[in-house]
1. Could you tell me how many degrees, from 0 to 90 and to the nearest 10, lie between the Cα long axis of helix 93-102 and the main elongation axis, the longest principal axis, of the Cα atoms of the chain?
2. How are the Cα pair distances of the chain distributed, in percent, across 5 Å bins from 0?
3. Once the piece of chain linking ALA130 and ASP155 is laid out straight, how much longer is it, given 0.36 nm per residue of separation minus the C-alpha distance between them?
4. Please list the three semi-axes, largest first and in whole Å, of the ellipsoid equivalent to the range 75-144, using sqrt of 5 times the eigenvalues of its alpha carbon gyration tensor.
5. Using DSSP loop states and a limit of at most 10 other Cβ atoms within 10 Å to flag trypsin sites (Lys or Arg not before Pro), what is the longest stretch of the chain containing no flagged site?
6. Order of ILE54, ILE99 from fewest to most other C-beta atoms within 10 Å?
7. Average projected area of the Cα convex hull of the range 81-197, in nm²?
8. Quick one: Karplus J couplings for the range 10-22, per residue in order, coefficients 6.51, -1.76, 1.60, θ = phi - 60°, nearest Hz, x for Gly and Pro?
Amino acid sequence: MDFQERTLTSPAAQSMRKLVEEFKKLPGISLKAAQKLSYSVLCEPKFKEILKNIIDISENVEICEKCGTFKPAGENCANCADDSDVICVVATYGDMSAIERNGCFKGSFHILGGLIEPLEHILPENLRIAELKERVLANPGKEILLALPFSIEGDATTLYIKDSLENCDVKLSRIARGLPAGAAPDVLDRRTVLEAFNGKTYIN
Ligand SMILES: [Zn+2]
């Protein structure tokens, strides 16, 4: 075994390779980025501290199975307990953050976890639509405000939700048209989001 072979198969080199593989499992991390992160973690003590902090913080937070928002681990969900008259339905956590940041809605949220996209194998059962119906049945007389994009997927999801809630005691509304086609609230500026919320229409 020559020097290069010994170096590549040494326990330290194998650990480094495992570390790179682990980082690569994270979304958006390329091989190059994974190598850079692995090197930083091994060479600089402060990076080990950052990783520990990430684990500590993430262990204290979990996703509420009913509404899809984040809640303190092991505790009741404040968003589900919010008894405001309107529940705002969004596709993603990013959309909810954008709406909260813009201050145009201050009630309870429901995060679907995406939009219906059969070609991407995202079907209604992969989204929190059944959970939305459960919330509606448990809270009759509420308004469900759909803040979904005006795209093929957004329209398909809206139609599916409308059908699912057909015989329920619920008012169903959707934010106004006027949003650029395919744009989610996540990427829109405050004025556009405000106008969309102010011009909502009832669809049932
Ligand atoms: Zn919840």
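1. Its long axis makes an angle of about 60 degrees.
2. Cα pair-distance distribution for the chain, in percent: 1, 7, 12, 15, 14, 12, 9, 8, 7, 5, 4, 3, 2, 1, 0, 0.
3. Details: separation 25, 0.36 × 25 = 9.00 nm, distance 1.78 nm.
So the chain would gain 7.2 nm between ALA130 and ASP155.
4. On the way: eigenvalues 90, 53, 21 Å².
Taking √(5λ) for each Cα gyration eigenvalue gives 21, 16, 10 Å.
5. Numbers: sites that count: LYS25, ARG177.
Free of exposed loop sites, the longest segment is 26-176.
6. Numbers: ILE54 10, ILE99 23.
The most exposed by this proxy come first: ILE54, ILE99.
7. Working: hull surface 26.7 nm².
Mean projected area for the range 81-197: 6.7 nm², to one decimal.
8. With coefficients 6.51, -1.76 and 1.60, one gets 5, x, 5, 5, 5, 4, 4, 4, 4, 4, 4, 4, 5 Hz.
A short reminder: the numbers here are calculations on the coordinates, not readings from a lab. Note that the structure is predicted; figures quoted are calculated from it, not measured. As a convention, Cβ positions derive from the backbone with ideal geometry for all residues, glycine included, and neighbour counts pool all protein chains shown.
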